[in-house]
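Quick notes on the structure that follows.
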Amino acid sequence: MNLNIHSPLPERKDWRIGCVGSGFIMSDCHLVAYGKAGFNAAAIASRTAANATACAERHSIGTIYESIDQLLDDESIEVLDLAVPPDNQLEIIKAACARGTAKGILAQKPLGSNYAEAVEAVEACEAAGIVLAVNQNMRYDQSVRAAKTLLENGTIGDPVLATIDMRGIPHWMPWQERQGWVTLRIMSIHHMDTFRYWFGDPERIYCTTRPDPRTAFPHTDGIASYILEYANGLRAIAIDDTWTGPAREGAPADIGIEWRIEGMDGLAIGDIGWCQDPYTTPSTIRYATKGDADFTAPAWEESWFPDAFIGTMAQLLTALETGNKPVINGRDNLNTMALVEAAYQSSEQHRAIELKEITGA
């Protein structure tokens, strides 16, 4: 069975991409993926020029700008690829929209520090005629795409219950301390968006959180558990545990991210390779249907990091070629941002929050 784990690629691969940012996500994920796909990273700029230079040398990028504004002024850049902290992203998007020369922007998730900022980013791009896509890259994890195929072709039947269980210790970034939040907007947003990718929008979410004992700066959302309730009875449940027990304090570690979809006709189980060693470990899937003697367990060489980042750029470039909306377009991503916002409200108010309470729709 073709599980459709690879992203469709644009016909034209020489779109001139301007890279904003030179940290791990850009240097070890975006640009490695673009090198594999043959995409054209034409220029780069970062807050620290020396970092941009080092990144450019590593990935053979021909043009290095001393500032982000200089890159934005380059009218030859067709697509902007942003890899900056969420509280810096809106300013850059609005600056690009004011110039109006870029055709497309690939923004990081989360699309801003909160839902209101995400709305502002989407509206700014729409007013400027710039196509906005969001780097919700877990949609392009190979096991996640395989699960979507099993749902679409009816292999496992109508979904009844889905779960994502993360026991992982992410590498927190320094900018999170000034935000005052940890897991919901950084890791849980992947899982909420994956549930939306698989099943569409839920009616409501119930979320409970507590601080992670290992993370020293003040925060409320270190460990999160939440339930998405769907009108058809489906329940999608996640545990995002960034503590995992004292794995960094001397106890044996049990690290991993597993997902499971139970359907009326079958079962699919996956394991995400991201938090394994090395981080390029491929994800896995096994699935079975009524009457099968055993699980089917296909394998592949690609991994979420960095290969999924081919897909997030490819879906934007393909949209620019065809005139269609990107698969992960900014307007659609507002509902993922709304789910995260609803999760925070649910945890604070100790009640389920309907999606429409955030979106107004």
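Just so you know, all these numbers are worked out from the coordinates, no wet-lab data involved. In this text, all values refer to a predicted model and were calculated from it rather than measured experimentally. Backbone-built Cβ (ideal geometry, glycine too); neighbour counts: all protein chains shown.
Miscellaneous remarks
- Estimated FRET transfer efficiency when R0 is 45 angstrom, pair Met264-Arg210 (beta carbons, to 0.05): 0.80
- For the stretch 141-256, fraction of C-alpha pairs farther apart than 20 Å, in %: 48
- Label point of Glu57 set 7 angstrom out along Cα-Cβ; within the stretch 1-40, amide nitrogens under 17 Å from it belong to 22-23, 27-28.
- Once the C-beta distance of Lys13 and Asp165 is scaled by a Förster radius of 41 Å, the resulting FRET efficiency is 0.60 to the nearest 0.05.
- Size of charge dipole - the stretch 1-73 - debye, nearest 20, with Cβ of Lys, Arg +1 and Asp, Glu -1, no other charges: 220
- Antiparallel bridge percentage (DSSP; both residues within the chain; nearest 5): 60
- Helical content alone sets the calculated 222 nm signal of the chain at -10500 deg cm²/dmol, taking -39,500 (n - 2.57) per DSSP H segment of four or more residues and averaging over every residue.
- The count of lysine pairs in the chain whose Cα atoms are under 25 Å apart, excluding pairs fewer than 8 places apart on the same chain, comes to 18.
- Percent RCO, i.e. relative contact order, over the stretch 62-191, from Cα pairs under 8 Å lying at least 6 residues apart: 20
- On the beta carbon distance between Ala299 and Ser76, with R0 = 41 Å, the FRET formula returns roughly 0.45.
- Dipole size of the stretch 1-152 about its Cα centre, with +1 on Lys/Arg Cβ and -1 on Asp/Glu Cβ: approximately 540 debye, rounded to the nearest 20.
- Candidate membrane-span-like segments in the chain, meaning DSSP H helices with Cα atoms spread over at least 24 Å of their own axis and a Kyte-Doolittle mean of 0.0 or above, are 304-322, with no membrane implied.
- Once C-alpha pairs closer than 8 Å and six or more residues apart are averaged by separation and normalised to the residue number of the chain, the relative contact order reads 20 percent.
- Mean Cβ neighbour count within 10 Å, used as a protection proxy, ranking 210-217, 78-85 highest first: 78-85, 210-217
- Ranking Ile93, Gly129, Pro110 by Cα position along the charge dipole of the stretch 72-167, where only Lys, Arg, Asp and Glu carry charges on their C-beta atoms, puts Pro110 farthest toward the positive end.
- Spin-label pair Arg248-Asp271: with each label point 7 Å from Cα along the Cα-Cβ axis, the two points sit 2.4 nm from one another.
- Each of Ala361 and Thr48 was given a label point 7 Å from its Cα along the Cα-to-Cβ line. The distance between the two points is 4.0 nm.
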